[in-house]
Amino acid sequence: MNFSDTESTRVGWVGTGVMGASMCAHLINAGYRVTVHSRTRARAQPLLESGALWADDPAQVAAAADVVFTMVGYPADVREVILGERGVLSGARSGAVIIDMSTSEPSLAEEIAQAARAQGATSIDAPVSGGDIGARNATLSIMVGGDPEAVAAATPLFEILGKTIVHQGPAGAGQHTKMVNQTLIATGMIGVCEALLYAYRAGLDLETVLASVSGGAAGSWSLSNYAPRMLRGDFAPGFMVEHFIKDMEITLAEARRMNLALPGLALAHELYLALRAQGHGRDGTQSLIHALARLSAVDWNPLGSG
C-alpha cells in the first residue's frame, strides 16, 4: 500500500469549508484524481473547475477512491459522513484508507477505527493546526493516530498538505494531541488579547509594540499571525469561534474523564462563550479581543477601522 503514485491512486474528499477546500486543491494540483462531496455543491465548484469529480454523497466518494479524506466541523458531522447510512464506510472497499482530518473526539476516532477494521478498511485520525493560512500555504501541522502501515502509506499525501507530520500513536492519539494544541492556543489567545488591550489603553503605538515583543520570549504563532489582524479589524475566520468552543468542550470533557483540572482552559471557554453570545460565533478566534475589551469598556478600534 503506497499512495505516492498520482496515476494509480484515487483520492476522495468530503468537506470543502474554509480549510478543506484549500487542502483538497493541493492534492488536485499535485496530480491526483479526486472525487469530492460537500453539503453545498457550490462550495466545491472551484475544485470541480480544477478537475475534481462530483459525488452525491460520501458513500459515492468512497466507492470511487482508494483513500478518502474527511474535513468537517463537528463530531456529529464526522459520525454522519463516515458511519452514517450513506457514509464513507458504507461505500468503502476492502483495503481502503479513511483519513479524518477534522478535530473530533478521541473516542469517536477509536470507534471509527474498529468499524473500519470490521469491513477490511483502515482509518487514521489526522487533525491539523495552522488555520486558513496553513491550509492555503500547505504548512499545516498534522497530528496522526492510527495503524503504522496505513500512516506510512498516507505520508506522501500528508506531505502535500503540511510541513510537520508526526505519528502520535494508535487510533485516537492524533485527536488527543490536537486537544493539547487547542489548550495551548486557548490560553495563549487570552494573553495576546490582554497584552494588546494594555498597550492600547497605555497609548502605545501597537505596531511598534508588536515589533518589539514578537521576536522575543513572548513571541508565538498567534501573536505573529492574529495580532496584526486584530489591529486591522480583520476578524474573518481562519478558524471560527463556534468550532473552537467545540474543541474546548471536547478537551474539557476528556480532562474530566481523566480527573484532570484545567482552570486556564475553563476560563478561556467561558470567555469564548461570552464572545459567541455577543454575536461573534462565526468570526475568527482572534475576535476574542472584543469580549475582553468589553470587560473594561474599551472601544477596540486601534487603526480607525470600521
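Every read-out reported here was derived from the displayed coordinates using simple, explicitly stated rules and does not represent laboratory data. All values derive from a computational prediction rather than experimental measurement. Because the Cβ atoms are built from the backbone with ideal geometry, glycine has one as well, and the counts that use them run over all protein chains shown.
At what distance in angstrom do the alpha carbon centres of the range 134-209 and the range 17-62 lie from each other? That distance is 24 Å. DSSP finds beta bridges in the chain, and of those with both partners inside it, around 15 percent are antiparallel. Highest mean packing comes first when the peptides 185-194, 169-178 are listed by Cβ atoms within 10 Å, giving 169-178, 185-194. Working note: Cα gyration tensor of the range 107-173, eigenvalues times five, square-rooted, sorted largest first, giving semi-axes of 23, 12, 9 Å.
Ranking 133, 211, 301 by Cα position along the charge dipole of the chain, where only Lys, Arg, Asp and Glu carry charges on their C-beta atoms, puts 301 farthest toward the positive end.
Among the GluC sites (Glu not before Pro) found in the range 234-306, not one is both in a DSSP coil and sparsely packed, with 15 or fewer other Cβ atoms within 10 Å of its Cβ.
Neighbour counts of C-beta atoms inside 10 Å place 107, 102, 94 in the sequence 94, 107, 102, starting with the fewest.
Against the main long axis of the alpha-carbon atoms of the chain, helix 221-232 sits at an angle near 60°.
Can you pull a Stokes-Einstein diffusion coefficient for the chain at 20 °C (1.002 mPa s), Rh from Kirkwood over Cα pairs, as a whole number of µm²/s? Approximately 107 µm²/s, per Stokes-Einstein. Loop-resident trypsin sites (Lys or Arg not before Pro) (DSSP state other than H, G, I, E or B) in the range 1-55 with no more than 12 further Cβ atoms inside 10 Å of their Cβ are absent.
Here the calculated FRET efficiency for residue 256 and residue 184, from their Cβ-Cβ distance with R0 = 22 Å, stands at 0.70, rounded to the nearest 0.05.
Computed from the Cβ-Cβ distance with R0 of 25 Å, the FRET efficiency linking residue 217 to residue 4 stands at 0.05. Within the range 59-168, the GluC sites (Glu not before Pro) that combine a DSSP coil assignment with at most 16 other C-beta atoms in a 10 angstrom radius are 85.
Using Cβ point charges alone (K and R +1, D and E -1), the dipole size of the chain about the Cα centre works out to roughly 320 debye.
Computing FRET efficiency as 1/(1 + (r/R0)^6) for residue 198 and residue 266, where r is the C-beta to C-beta distance and R0 is 25 Å, gives about 0.60. Each of 267, 118, 3 was placed along the dipole of the chain (beta-carbon charges, centred on the mean Cα), and the one lying farthest toward the positive end is 267.
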